[in-house]
Amino acid sequence: MALGAVGILSITPFAVWRWLRHEYWLAGLDAGLLAVIAIAMIWAWRGGQIRHIAYFATLPVSAFAATISLVSPESGYYWIFVAILTNAMLLPRADIATLLSLVVVIVTLLVDSPHSVFQHTTIVVTLVMTILFSYVFATRAENQRRELENLALSDPLTGLDNRRAFENAIEQALHEAAEGKQVFGLALLDLDGFKEINDAHGHEAGDAVLRELSRLISDYLRASDRLFRIGGEEFVLLLPGADVAGMHARMENLRARIESNLRCRGETVTASIGASGWQQGDTATTWLMRADAAMYRAKGKGRNRVVVHGLSALA
Ligand SMILES: Nc1nc2c(ncn2[C@@H]2O[C@H](COP(=O)(O)OP(=O)(O)OP(=O)(O)O)[C@@H](O)[C@H]2O)c(=O)[nH]1
């Protein structure tokens, strides 16, 4: 929004000035660019996706810079610097931003320059330097954004996807299930007596158990399954293609594997698992509530067991 406001404040005087000088064609070009910026600002204000808005805004800005440098080469070149920076700052990919800026610069080199050879060389060199520096800036910004996204979506202790990632994934699963593309199972896994483990052996030993548990579950999962750590000793599994009977068999295997392999200072550590299949009309809350209720039934029945909602004979 701030960039848009600066753009409008900077370009409007040029549009008026050109209109007063009867340069209607150039004034119309300025007015077109002002309209693009205004639409982009309204789109952003109404919550549009920044990525789409960026492409919508940068393409006309680049086209404007190239056109103005072709029709008015004495001063038009300066707008190319603005276009290069706009591309680098707005576009989500540094390579696309650089490519677009290069196209603009190459187009402008087609102009018969009214400048001296020295001035023209200076313009070309400074444009190329600006593109290079913008590329470095945009690449850094892109990497930092990716790192931040990873940090926001992963759990630092286990490296697994976290609750926020799970919230995105369950919405996606609900969408796919409602469209009939895929059935899904959802399983909640909670360690048994973890407080006592922490109290008896210390927090670091507890952390080691959580890391080992993550490794055990990850090794057991299929490529399409997803595992999340959504709380202290609470994990969620999102299992595409799993019907309730199949889910019970798989979770029972996982439970037995944990019981056989998970140890803290030689003591066996176990987990309780509650699971539920997707049902028509489910929201994330209703689906999770059924899996949660199944998990508490597993705890209530003495822990170290699996309960799948709707599979009472096996439960
Ligand atoms: N080491 C460690 N402990 C954690 C972490 N997050 C939560 N906890 C501990 O996990 C324990 C959870 O305790 P409870 O909710 O009582 O669960 P529980 O002892 O496993 O009991 P049940 O679930 O009923 O079998 C608490 O002592 C928390 O301090 C963590 O990241 N690391």
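Listed here are the residues, each with its yes/no results for (1) in contact with a helix residue (DSSP H, G or I) (Cβ under 9 Å, 6 or more places away or on another chain); (2) open to solvent by 60 Å² or more (accessible area, probe 1.4 Å); (3) in contact (Cβ under 8 Å) with a residue 24 or more places away in the chain; (4) not assigned by TED's automatic domain parsing to the domain that holds A208.
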position	(1), (2), (3), (4)
L262	yes, no, yes, no
G266	no, yes, no, no
S272	yes, no, yes, no
G277	yes, no, yes, no
D282	yes, no, yes, no
T286	no, no, no, no
D292	no, no, yes, no
G300	no, yes, no, no
R303	no, yes, yes, no
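Say whether the condition of being farther than 28 Å from I106 by Cβ and out of contact with any Ser or Thr (no Cβ under 6 Å at 6 or more places or on another chain) is met by at least one residue in segment 24-34. It would help to see each step written out before you state the result.
Taking segment 24-34 and keeping what is farther than 28 Å from I106 by Cβ, we get 24.
From what's left, out of contact with any Ser or Thr (no Cβ under 6 Å at 6 or more places or on another chain): 24.
The answer is yes; a qualifying residue exists.
Is there a residue being exposed (fewer than 13 other Cβ atoms within 10 Å of the Cβ) and out of contact with any Lys or Arg (no Cβ under 8 Å at 6 or more places or on another chain) anywhere in segment 82-90? Walk me through it before giving the result.
In the first step, residues of segment 82-90 are kept if they are exposed (fewer than 13 other Cβ atoms within 10 Å of the Cβ); the result is none.
Scanning segment 82-90 turns up no residue that is exposed (fewer than 13 other Cβ atoms within 10 Å of the Cβ) and out of contact with any Lys or Arg (no Cβ under 8 Å at 6 or more places or on another chain).
Residue check, D161 against (1) surrounded by fewer than 18 Cβ atoms within 10 Å (Cβ to Cβ); (2) acidic (D, E); (3) within 16 Å of the ligand (Cβ to nearest atom), all met but one. Which one?
Just one mismatch for D161, condition (1).
Is it fair to say M89 is in contact (Cβ under 8 Å) with a residue 60 or more places away in the chain, of a type outside the set (V, I, T) and part of a helix (DSSP H, G or I)? First the steps, then the outcome.
Details: in contact (Cβ under 8 Å) with a residue 60 or more places away in the chain: yes; of a type outside the set (V, I, T): yes; part of a helix (DSSP H, G or I): yes.
When the stated conditions are applied, M89 passes them.
Per-residue answers, yes or no, for (1) touching a strand residue (DSSP E or B) at 6+ places or on another chain (Cβ under 9 Å); (2) within 13 Å of the ligand (Cβ to nearest atom); (3) in contact (Cβ under 8 Å) with a residue 12 or more places away in the chain:
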residue: T122; (1), (2), (3): no, no, no
residue: V128; (1), (2), (3): no, no, yes
residue: S134; (1), (2), (3): no, no, yes
residue: T139; (1), (2), (3): no, no, yes
residue: L153; (1), (2), (3): yes, no, yes
residue: A205; (1), (2), (3): yes, yes, yes
residue: L210; (1), (2), (3): yes, yes, yes
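So G266 passes all but one of these: (1) modelled with pLDDT under 95; (2) on the phi < 0 side of the Ramachandran plot. Which condition number does it fail?
(2)
Filter segment 148-170 down to residues that are within 17 Å of S224 (Cα to Cα), assigned to a helix (DSSP H, G or I) and of a type in the set (A, V, I, L, M), then give me how many there are.
Residues in segment 148-170 being within 17 Å of S224 (Cα to Cα), assigned to a helix (DSSP H, G or I) and of a type in the set (A, V, I, L, M): 3 in total.
Each row is one residue, and each column tells you yes or no for (1) buried (at least 17 other Cβ atoms within 10 Å of the Cβ); (2) in the same structural domain as L127 (by TED's automatic domain parsing); (3) among the hydrophobic types (A, V, I, L, M, F, W, C).
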{"position": "L20", "(1), (2), (3)": "no, yes, yes"}
{"position": "L33", "(1), (2), (3)": "yes, yes, yes"}
{"position": "L59", "(1), (2), (3)": "no, yes, yes"}
{"position": "A63", "(1), (2), (3)": "yes, yes, yes"}
{"position": "T67", "(1), (2), (3)": "yes, yes, no"}
{"position": "P73", "(1), (2), (3)": "yes, yes, no"}
{"position": "I80", "(1), (2), (3)": "yes, yes, yes"}
{"position": "L102", "(1), (2), (3)": "no, yes, yes"}
{"position": "V105", "(1), (2), (3)": "yes, yes, yes"}
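Please count how many residues of segment 188-203 are more than 6 Å from the ligand (Cβ to nearest atom) and closer than 15 Å to L213 by Cα.
3
The values are calculated or read from the model by the stated rules, or taken from the named source; none is laboratory data. Since the structure is predicted, the reported quantities are computational estimates derived from the model, not experimental observations. Neighbour counts run over all protein chains shown; Cβ positions are idealised from the backbone, glycine included. Just the protein is used for accessible areas: all its heavy atoms, side chains included, with ligands, DNA and RNA removed. Shrake-Rupley method; radii C 1.70, N 1.55, O 1.52, S 1.80 Å.
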